[in-house]
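Let me begin by presenting the structure, written as structure tokens, before commenting on it.
The values are calculated or read from the model by the stated rules, or taken from the named source; none is laboratory data. Just so it is clear, the model here is predicted, and its values are computed rather than measured. We place every Cβ from the backbone using ideal geometry, glycine too, and count neighbours over all the protein chains shown.
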Number of protein chains: 2
Amino acid sequence: MTANIPDIVIGRLPIYLRALSRLAVEGHEVTSSHELGRRLGISSAQIRKDLSHFGGFGKQGTGYQISYLVEQLRQVLKVDQEWEVALIGAGDLGTALMHYKGFSDRGFRIACVFDNAPQKIGKKIGDLDIHAIADMQSVIKERGIKIAMIAVPAEKAQEVADKLIEAGVQAILNYAPMTLNVPGNVKVQYIDPVVNMQRMTFYLV
Amino acid sequence: MTANIPDIVIGRLPIYLRALSRLAVEGHEVTSSHELGRRLGISSAQIRKDLSHFGGFGKQGTGYQISYLVEQLRQVLKVDQEWEVALIGAGDLGTALMHYKGFSDRGFRIACVFDNAPQKIGKKIGDLDIHAIADMQSVIKERGIKIAMIAVPAEKAQEVADKLIEAGVQAILNYAPMTLNVPGNVKVQYIDPVVNMQRMTFYLV
């Protein structure tokens, strides 16, 4: 049922899930495509069409049952489980990611941290020991980890990515400011705040 | 000449600029749409078409002069200047952003930091004093700041955004995990690592 959903629709589902979770926290039990659309700046027609890919959500006129829709979206996105994530890089950014509280209730937990700096290896961040990057592949294979966050300098990122993929990682969130070369079966998402800001300066007057 | 460029093309230009800057650092002087495409996983035809919006870059067969193209892209994106950025939120994330070295040579400088926690106000991060959010609007107006980064909890983000926009901010990079409501003349970009990871888990096997 979910096999042929376009990438662009999949890309919007986490945004719907986030907004619906927030509505639930605010005490709402039902919502409508109009209310969601208003909150997200997306047309209600688009939202109805996107959600119709999964069939059976909401009925004309009665709106969406939020808890049901949240559960369906979590299943579709496979975040009705907790994924172990490997973090590579224990600098300022890696440390901030370790302290970030927002992963666990949304499907993710940083399960291991790696860095190459001798003065960091063996130290703790939060309740995790920092391991050497030399041990990365064996830990990832042993734990069957599929997702990694790369928070190392740009010039090291491709090498780290190659090793991660060799060890079985299928999804990479890359904070290094460069584009990775990966095989077609590996997903990469990028976080580079400068790219985001440069996408806006063009429009500034 | 650059007035009618589609949003989606503008969105790719920072990626081209980043890759070209990297090629320059690696010592290259010229490149081709094929080389760029290979590095970025984008077709060379797409790259030629995107860059043709600005006219006159590169000639058939001779490739692109990297330094010239970098300069053109910096002008088009208006990052041939340094933008002052206001940072709101001096928690773990705000602190990591303050320490991030990658802003300055790409067009941005965090010029002021605001937080509401009494124990933080008046302290320093890097060489900046943390100011109270109560002073945010006057500082932003006085300095004519147009760009802000929001790194406060989700439940505070809309209120902060409203105040920023009232003070003249036209572009917001929002790290709070929620969608902002803003007027049509204000640009927002979002960074939420969980959304990025949830966009990949669907595909994991």
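I'd like the full set of residues that are in contact (Cβ under 8 Å) with a residue 60 or more places away in the chain and at the interface with chain A (Cβ under 9 Å from one of its Cβ atoms), limited to segment B:80-96. Matches in segment B:80-96: B:83, B:85, B:91, B:93. For segment A:119-130, does any single residue satisfy the condition of being exposed (fewer than 13 other Cβ atoms within 10 Å of the Cβ) and in contact with a helix residue (DSSP H, G or I) (Cβ under 7 Å, 6 or more places away or on another chain)? Checked against the condition, which is being exposed (fewer than 13 other Cβ atoms within 10 Å of the Cβ) and in contact with a helix residue (DSSP H, G or I) (Cβ under 7 Å, 6 or more places away or on another chain), segment A:119-130 yields at least one hit. Condition (residue is in the same structural domain as residue B:173 (by TED's automatic domain parsing), more than 20 Å from residue A:96 (Cβ to Cβ) and modelled with pLDDT of 95 or more) applied to segment B:123-131: is it met by at least one residue? For segment B:123-131, residues in the same structural domain as residue B:173 (by TED's automatic domain parsing), more than 20 Å from residue A:96 (Cβ to Cβ) and modelled with pLDDT of 95 or more: present. Residue selection: residue B:183 fails the criterion of being within 18 Å of residue B:136 (Cβ to Cβ) and in the same structural domain as residue B:92 (by TED's automatic domain parsing).
Total residues in segment A:25-43 satisfying the condition of being assigned to a helix (DSSP H, G or I) and surrounded by fewer than 15 Cβ atoms within 10 Å (Cβ to Cβ): the figure is 3.
Considering only residues of segment A:133-159 that are within 12 Å of chain B (Cβ to nearest Cβ) and among the β-branched types (Val, Ile, Thr), which is surrounded by the most Cβ atoms within 10 Å (Cβ to Cβ)? Here the answer is A:150. Just one residue in the set A:61, A:27 is on the phi > 0 side of the Ramachandran plot and at pLDDT below 90; that residue is A:61.
In segment A:170-205, the residue that is surrounded by the fewest Cβ atoms within 10 Å (Cβ to Cβ) out of those that are facing chain B (nearest Cβ under 10 Å) and farther than 30 Å from residue B:147 by Cα is A:184.
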